[in-house]
Structure formats: C-alpha cells, structure tokens
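A short worksheet on the structure shown next.
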Amino acid sequence: MSLEMIQPQPFQKVLVTGAAGFIGSTLVDCLLAQGKEVVGLDNFDPYYDPQQKRDNLEAALQHENFQMYEADILDVPLLERVFAQHSFDVVVHLAAKAGVRPSIENPAAYFQVNVEGTLNVLNQLRVNPKTRLVMASSSSVYGNNLSAPFVETTETSQPVSPYAASKKAGEVLAYSYAKLYGIPMSLLRFFTVYGPRQRPEMAIAMFFKLIQKGEQVPMFGDGSTARDYTYVGDIVDGILRSMKRTEGFEIYNLGNSSPVSLLEMIQAVGVSVGKSAKIQELPEQAGDVTLTCANIQKAERQLGFHPNTSLEQGLSLYSQWLSRAGQTFKTLEQRS
C-alpha cells in the first residue's frame, strides 16, 4: 500500500481487551467521550494491584455505553459468548502480560498470554472477518538494534527477551490470519509509553516516588541507554486514528521519535518533582536494549499521527494527575 492518507471509515461499537490497564482505560474514556459503545474485557491480573485498575475504570463503569467483562483472553468459551452477544466494528487488542525483566523468569506465562491469548482473539475474528483489528505490539521487537531510527521494515528476528519474542510471535500469527481470512489489521509498535495511570513498577512512576522520598534511584549501566518516551495521550491518539484507518495488513511505529537517555530522564523527573535525584549506579540488566527510536513517517502519512507532547510536558501532566487523583506517594508505595 502506498504511503498515502487512508480514508477514514466510521465505527460505533468497539471491544477493548486489557480495558482496565494504563493505555486501555485511557482509550476507553476517550471512546466514551466520543459517543462510542464500548465493551471492555480484562482479567485484573495481579502483576500490580488490581485496585489501581479498578480505579482506572471508575468513570467508565458509570457510563451507559460501557459494558465490562471481568475475564481472561485464555477463556475461549467466554470469548465466544462475548462475540456472539455483540457485533463489533473494531477490536482493539491491548491485553498482554507486560514486563521485560519478569519475562526472563517466567517465559512460559508470557507466551501463554501474549501468543495463545492473541490466537484466541484471532479465532473469533476468523468468523467475523469484516471486524477491524487494532493490536498492540512493542518496540521491543526491534531487539538491540543500533540502526536508528527504527522503520517498520527493520529486521525483527532477534529479540533479546522472552517478552519481546512473544510480541513478535503475536505479530507473525496475526499476519497469517490477515492473509488467510482477510481480516483488516493494524499492528501498533508502542515506544515506552508513560503518563497518568501508568503501572507503578514502570521507571518514571518509580522514579517519581523515590525522588520525592529522597531515596536513591537505581540507574542500570552508565545512564547512556536511551528510550523514545511517548506520552499516553499521543499513543491513544494514534490508536484512535488507526481504528478509523485500518485496511489490509499494516504495521505502524507509534513513538515520539526523540530518544532521551536514562540519565537525562532521571534528571527531568527530578526537575518535575522539584528535588535532585540521588543516583545509585548498578550493572546493566539482561534483556535491556541500548536504544529505542521510532521512525514514524508511515504513521504520519497514512494515519495523520503527529505526537506533540515533549518529555517535560508529559512529566508535568503526570505530576498534575498524581495530585489531582489524590495518589499520594505514600499510597503509591503501599500499592507497589
């Protein structure tokens, strides 16, 4: 397909898997604000406090256009019932087992959820082939690639963690279903998403807490590793655009296209908190990559995606959310 803007297609009813998570709940709120009918599915996995996920959906659960299933994508009979009871225009598949480092300790669980669970969703679309699929992948599929910025055609057969391997396997599986059954698909490779509602073990959330308390911030390596930090509002905008513009099979990078080193990020968090960071230098960790950097030209041209939130702006918005939501650092510590 040429890199031309894809004409938008209307949609009204949406299934969001992983609806209670960081990105999923933000998307749900945006869809409801646009007058869409939304069905959410989430198993409230205890990887972090499920109450935080329930808090994410507090407003949505009061909305007349929202219906929630507390269920697992590994539960095939349940998925069959959901698809039998609803006719979806778009499925946004965000449900996944997250975390690079934990995947090294328990790779089987990651492949069960991220590959088998994805297969279960695809099998429902197999019998509903006109339903568009927007599916979350990850920048981790690029592995330890130093040829930046990463383009969607970059080699991705050398992931450096089981998590990354499971996301790549999900992509390959989705491609086979797109070709076999004609399911329209957009696969979105997210680049280090942060912002309100982010998981408590994510670096930015953890660093906010530690710096505020005056404790040491762990820095693995010399601080030169860099990530393409992308604000959640920009990511959700990219998801919404892809929901309207999914044709054939396409993979898109959704990133900020402006990598920031780990040391710079820690210092920026300190500025946002108003305190200097006390850094604890530690050895590099297995599974970490040196750099992530998104080439977003394809998403810009075909989806009209234009991220506009700098790291400083995003950190300020996250700090404001912490205060507005009443999420004190003491509470965050108790939940993490």
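The values are calculated or read from the model by the stated rules, or taken from the named source; none is laboratory data. As the structure is a prediction and not an experimental result, all values here were calculated from the model. Don't worry about glycine lacking a Cβ; one is built from the backbone with ideal geometry, like all the others, and counts go over all protein chains shown.
For (1) surrounded by 14 or more Cβ atoms within 10 Å (Cβ to Cβ); (2) assigned to a loop (DSSP other than H, G, I, E, B); (3) modelled with pLDDT of 95 or more; (4) not acidic (Asp, Glu), each residue gets a yes or a no:
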position: 256; (1), (2), (3), (4): yes, yes, no, yes
position: 314; (1), (2), (3), (4): yes, no, yes, yes
position: 321; (1), (2), (3), (4): yes, no, no, yes
position: 332; (1), (2), (3), (4): yes, no, no, yes
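Here's the yes/no breakdown for (1) part of a strand (DSSP E or B); (2) at pLDDT 95 or above; (3) closer than 16 Å to residue 22 by Cβ:
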site	(1), (2), (3)
155	no, no, no
158	no, no, no
164	no, yes, no
170	no, yes, no
180	no, yes, no
183	no, yes, no
186	yes, yes, no
task = Output the qualifying pairs, or none if there are none: Cβ atoms under 7 angstrom, residues six or more apart or on different chains, first residue in the stretch 240-265 and among the small types (Gly, Ala, Ser), second residue assigned to a helix (DSSP H, G or I).
result = 242/303; 255/139
key: Of all residues making up the stretch 28-43, the number that are closer than 17 Å to residue 232 by Cα and buried (at least 22 other Cβ atoms within 10 Å of the Cβ)   = 2
ask   = Can you name the residue in the stretch 98-123 that is on the phi < 0 side of the Ramachandran plot and not in a helix (DSSP H, G or I) and is also surrounded by the fewest Cβ atoms within 10 Å (Cβ to Cβ) among such residues?
value = 106
Residue count for the stretch 124-153, restricted to those that are out of contact with any Phe, Trp or Tyr (no Cβ under 6 Å at 6 or more places or on another chain), part of a loop (DSSP other than H, G, I, E, B), closer than 30 Å to residue 87 by Cβ and among the β-branched types (Val, Ile, Thr) = 1
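Here's the yes/no breakdown for (1) out of contact with any strand residue (DSSP E or B) (no Cβ under 7 Å at 6 or more places or on another chain); (2) polar (S, T, N, Q); (3) under 19 Å from residue 246 (Cβ atoms); (4) touching a residue at least 60 places away in the same chain (Cβ under 8 Å):
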{"site": "105", "(1), (2), (3), (4)": "yes, no, no, no"}
{"site": "115", "(1), (2), (3), (4)": "yes, no, no, no"}
{"site": "146", "(1), (2), (3), (4)": "no, no, no, yes"}
{"site": "152", "(1), (2), (3), (4)": "no, no, yes, yes"}
{"site": "169", "(1), (2), (3), (4)": "yes, no, no, no"}
{"site": "193", "(1), (2), (3), (4)": "no, no, no, yes"}
{"site": "199", "(1), (2), (3), (4)": "yes, no, no, yes"}
{"site": "205", "(1), (2), (3), (4)": "yes, no, no, yes"}
key: Residue satisfying all of: in the stretch 289-306; in contact with a Leu (Cβ under 8 Å, 6 or more places away or on another chain) and assigned to a loop (DSSP other than H, G, I, E, B); nearest to residue 253 (Cα to Cα) among these   = 296
ask   = When you go through (1) of a type outside the set (S, T, N, Q); (2) surrounded by fewer than 17 Cβ atoms within 10 Å (Cβ to Cβ); (3) in contact (Cβ under 8 Å) with a residue 24 or more places away in the chain; (4) in a helix (DSSP H, G or I) one by one for residue 74, which number turns out not to apply?
value = (4)
ask   = Which residues, counting only those in the stretch 188-207, are basic (Lys, Arg) and at pLDDT below 95?
value = 199
remark   = Inside the stretch 128-137, the number of residues satisfying the requirement of being touching a helix residue (DSSP H, G or I) at 6+ places or on another chain (Cβ under 8 Å) and surrounded by fewer than 18 Cβ atoms within 10 Å (Cβ to Cβ) is 2
query = Limited to the stretch 70-99, what total is found for residues that are in contact with a Phe, Trp or Tyr (Cβ under 6 Å, 6 or more places away or on another chain) and under 18 Å from residue 50 (Cα atoms)?
reply = 1
query = Given the conditions (1) under 30 Å from residue 178 (Cα atoms); (2) assigned to a loop (DSSP other than H, G, I, E, B); (3) of a type outside the set (Lys, Arg), which single one is not true for residue 276?
reply = (1)
message = Can you confirm whether residue 35 is in a loop (DSSP other than H, G, I, E, B), in contact (Cβ under 8 Å) with a residue 24 or more places away in the chain and not aliphatic (A, V, I, L, M)?
response = yes
request  = Exactly one condition in (1) crowded, with 16+ Cβ neighbours inside 10 Å; (2) within 19 Å of residue 133 (Cα to Cα); (3) among the hydroxyl-bearing types (Ser, Thr, Tyr) is not met by residue 48; state its number.
outcome  = (2)
task = Output yes when any residue across the stretch 267-283 is free of Cβ contacts under 8 Å to residues at least 24 places away in the same chain, surrounded by 15 or more Cβ atoms within 10 Å (Cβ to Cβ), more than 22 Å from residue 206 (Cα to Cα) and not aliphatic (A, V, I, L, M), and no when none is.
result = no
query = Taking the condition touching a Ser or Thr at 6+ places or on another chain (Cβ under 7 Å), under 24 Å from residue 109 (Cβ atoms) and not aromatic (Phe, Trp, Tyr), does residue 15 pass?
reply = no
